Amino acid sequence: MSTGSCVAAFDVGGTRMKVGVVTDGQVEQLPSRVTAGLDGAAVVDLLVDAVRDVQARSPLDAVGIATPGIVDNGRVIVLPGKFPGLVGRDVAGAISDVAGVPVRMVNDAIAAGVGEATVGAGAGHSRVVVMTIGTGIGVAVVEDGRPVSAGPWGGGLMGGHMPIASPDEGPFDSNGGRGTIEALIAAERLMDAARAAGSDAADVPGLLARWSGGEETARVAVASYRRSLEQALVALAHAHTPSIIVVGGGPVSTSSGWLLDGMSEAVRRRLWQDQQCEVVPAALGDAAALVGLAALAGG
């Protein structure tokens with residue numbers, strides 16, 4: 001990003017849109033906006049209003065937009081189950097008409113990956129894999145501050161659909177596949193493991209509180225989830241040979257102690273001799289995609 005540039009960044013999620021202004025790499029996070037229940041037209045209207053509000057504060061050099069789904073030339077081309085009517089809509093063009101500045105629109109995992117790789121937990125590493133754990137699994141592969149490959153399917157963002165177990169049993173991922181990284185380690189799988197172990201914990205914080213207290217069913221559930229996560233990390237490390245894998249996301253992945261303690265060593269034991277790959281928690285939280293958008297839109 002050039003010196004002095006000011007980028008408005010919008011991270012459009014299924015329930016809320018995070019908003020920020022990034023100036024010389026410094027993020028000012030603004031109040032988020034509700035997106036739950038919106039269709040494609042309403043999402044564009046929300047973005048237009050947000051851009052106008054940000055421009056009223058200060059002149060902009062660029063706008064960055066992150067959305068779920070596969071993005072190509074400022075349009076979402078694949079987006080299962082969210083924002084009906086958004087697919088095919090020229091979102092970047094509509095925002096550019098209003099803002100009068102260049103607009104860059106990318107997949108949300110790519111945006112978060114670039115943020116963590118450039119100024120977050122992966123800073124200083126040439127090739128970084130960033131995995132975001134939530135309702136689904138986001139994966140981005142970043143090299144020297146940019147997605148490792150171009151095009152709508154590039155950047156390693158399909159990593160969550162890599163198979164690591166039998167395709168004939170178990171839960172499904174968002175593409176209808178079984179045995180994939182997303183099918184086995186999406187956030188919901190931790191509570192599935194808890195129920196299978198006989199725990200009656202109501203949610204992830206409750207389960208982790210019991211784990212900290214040494215409850216056996218919670219320990220069994222966490223160990224089961226960690227085994228699947230280890231499988232996923234090993235697969236990504238072999239596929240992309242990064243020197244670091246950054247793990248972030250919601251309540252599952254923010255509690256890095258229970259999730260990632262000892263994980264670097266466990267992964268390295270299953271790699272090629274002398275292959276090094278560290279596994280670390282994400283550092284930027286909600287700001288990751290905003291920072292990444294600024295780097296991509298203003299660079």
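The values are calculated or read from the model by the stated rules, or taken from the named source; none is laboratory data. The structure displayed is predicted, hence computed values, not measured ones. For neighbour counting, all protein chains shown are included, and Cβ atoms are generated from backbone atoms with ideal geometry for every residue, glycine included. When the accessible area is computed, the model is the full protein with side chains, heavy atoms only, and any ligands, DNA or RNA have been set aside. Shrake-Rupley method; radii C 1.70, N 1.55, O 1.52, S 1.80 Å.
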For q values of 0.19, 0.21, 0.22 Å⁻¹, compute log₁₀ I(q)/I(0) with the Debye formula on a Cα-only model of the range 248-299, without solvent. -0.76, -0.81, -0.83
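Based on Cβ point charges of +1 for Lys and Arg and -1 for Asp and Glu, what charge dipole magnitude is obtained for the chain about its Cα centre, in debye rounded to the nearest 20? Display every interim value, and only then the final one.
Numbers: 21 positive and 31 negative charges, 31 e Å.
Dipole of the chain, to the nearest 20 debye: 140 debye.
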Please report, to two decimal places, log10 I(q)/I(0) for the range 144-299 at q = 0.13 Å⁻¹ as given by the Debye formula with identical point scatterers on the Cα atoms and no solvent. -0.68
Starting from one equal scatterer on each C-alpha and no solvent at all, send me the Debye-based log10 I(q)/I(0) for the range 1-132 at q = 0.15, 0.17 Å⁻¹, two decimals. -0.70, -0.91
Per 10 Å bin, what percent of the C-alpha pairs of the chain does each bin hold, from zero upward? 7, 28, 34, 22, 9, 1
Over what distance in Å are the Cα centres of the range 76-109 and the range 194-262 separated? 34 Å
Leaving out ligands and nucleic acids, and using a 1.4 Å probe, what accessible area per residue does the chain come to in Å²? 43 Å²
Where the accessible area of the chain is counted over protein heavy atoms with a 1.4 Å probe, how much of it, in %, is carbon and sulfur? 50 percent
Please give the helix 108-118 orientation as an angle from the longest Cα principal axis of the chain, in degrees from 0 to 90, rounded to the nearest 10. 80 degrees
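Using helices alone, what [θ] at 222 nm do you get for the chain, with -39,500 (n - 2.57) per DSSP H run of 4 or more residues, divided over all residues and rounded to the nearest 500?
Details: 11 runs with 112 residues, N = 299.
It comes out at -11000 deg cm²/dmol, rounded to the nearest 500.
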Rank L271, G177, G159 by how far each Cα sits towards the positive end of the charge dipole of the chain (+1 on Lys, Arg Cβ; -1 on Asp, Glu Cβ) and give me just the farthest. L271
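Taking the highest mean first, how do the peptides 265-273, 190-198, 108-116, 49-57 order by number of other beta carbon atoms within 10 angstrom per residue? It would help to have the intermediate numbers written out before the result.
Numbers: 265-273: 13.1, 190-198: 18.0, 108-116: 31.1, 49-57: 15.6.
Peptide ranking by packing, descending: 108-116, 190-198, 49-57, 265-273.
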